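*Asks:* Before I ask anything, here is the structure I am working with.
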Amino acid sequence: MRELLEILEGNARISTAELASMLQKSEDEVKEQIALLEREKIIMSYSTLINWERYGEELVTAVIEINLTPQREVGFDALAERICRFDEVRTVFLMSGNFDLLVVVQGKSLKEISNFVAKRLSTIEGVTQTRSHFLLKEYKKDGIILENEEQDRRLVIVP
């Protein structure tokens, strides 16, 4: 099953016929395995990585470090779940170190994200501090190099 997962992680659009051939199994076996992995929430979603900048749509991404006061009996989980529910929030991680949560947010502008952090995120009871870092350029995302145009870096020699 691990090999199946690795193939799907690299290409979610691969056909079950191709998977069956690669794994030396029948298509029905592959379909059953995929269905089981989906039911058990091992396969959570199928996604497409889009280079929005190349498409021409400007999105602003920020990484927000958040310090929290843990709540009795639930620790950081209740606050993390609440933060996950915002549409602007793309990713939430519980961290070790100088802050508790690492939150990735996206919006159409710097102002939109700033307002979200100031008015909605930092006002949540239990949030004690936020630090925002705005991403300037993406070079690689989810293992894919976004600007993969090979450039000739050799020096021109003129006789």
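*Asks:* If you check Glu6 against the conditions, is it modelled with pLDDT under 95 and assigned to a loop (DSSP other than H, G, I, E, B)?
*Replies:* So Glu6 fails the test.
*Asks:* Among the residues of the stretch 27-49, are any surrounded by 14 or more Cβ atoms within 10 Å (Cβ to Cβ) and within 21 Å of Met95 (Cβ to Cβ)?
*Replies:* No; the residues of the stretch 27-49 include none that is surrounded by 14 or more Cβ atoms within 10 Å (Cβ to Cβ) and within 21 Å of Met95 (Cβ to Cβ).
*Asks:* Right, next: Loosely packed, with under 15 Cβ neighbours inside 10 Å and either within 29 Å of Ser114 (Cβ to Cβ) or touching a residue at least 60 places away in the same chain (Cβ under 8 Å) (or both): is that true of Asn67 in this structure?
*Replies:* When the stated conditions are applied, Asn67 passes them.
*Asks:* Between residues in the stretch 114-137 that are assigned by TED's automatic domain parsing to the domain that holds Ala80 and within 13 Å of Phe86 (Cα to Cα) and residues that are at pLDDT 95 or above and in a loop (DSSP other than H, G, I, E, B), which pairs lie under 8 Å by C-beta distance while being six or more apart or on different chains?
*Replies:* Once the first residue is assigned by TED's automatic domain parsing to the domain that holds Ala80 and within 13 Å of Phe86 (Cα to Cα) and sits in the stretch 114-137, its partners that are at pLDDT 95 or above and in a loop (DSSP other than H, G, I, E, B) give Phe116/Phe86; Phe116/Glu88; Arg120/Phe86; Leu121/Phe86.
*Asks:* Among the residues of the stretch 1-47, write down those that are under 25 Å from Ile144 (Cβ atoms) and of a type in the set (Ser, Thr, Tyr).
*Replies:* Ser15, Thr16, Ser21, Ser45, Tyr46, Ser47
*Asks:* Being of a type in the set (A, V, I, L, M), over 19 Å from Phe134 (Cα atoms) and touching an Asp or Glu at 6+ places or on another chain (Cβ under 8 Å) is true for just one of Leu68, Leu79. Which residue is that?
*Replies:* Leu68
The values are calculated or read from the model by the stated rules, or taken from the named source; none is laboratory data. A quick note: this is a predicted structure, and the numbers were derived from the prediction, not measured. Cβ: placed from backbone, ideal geometry, glycine included. Neighbour counts: every protein chain shown.
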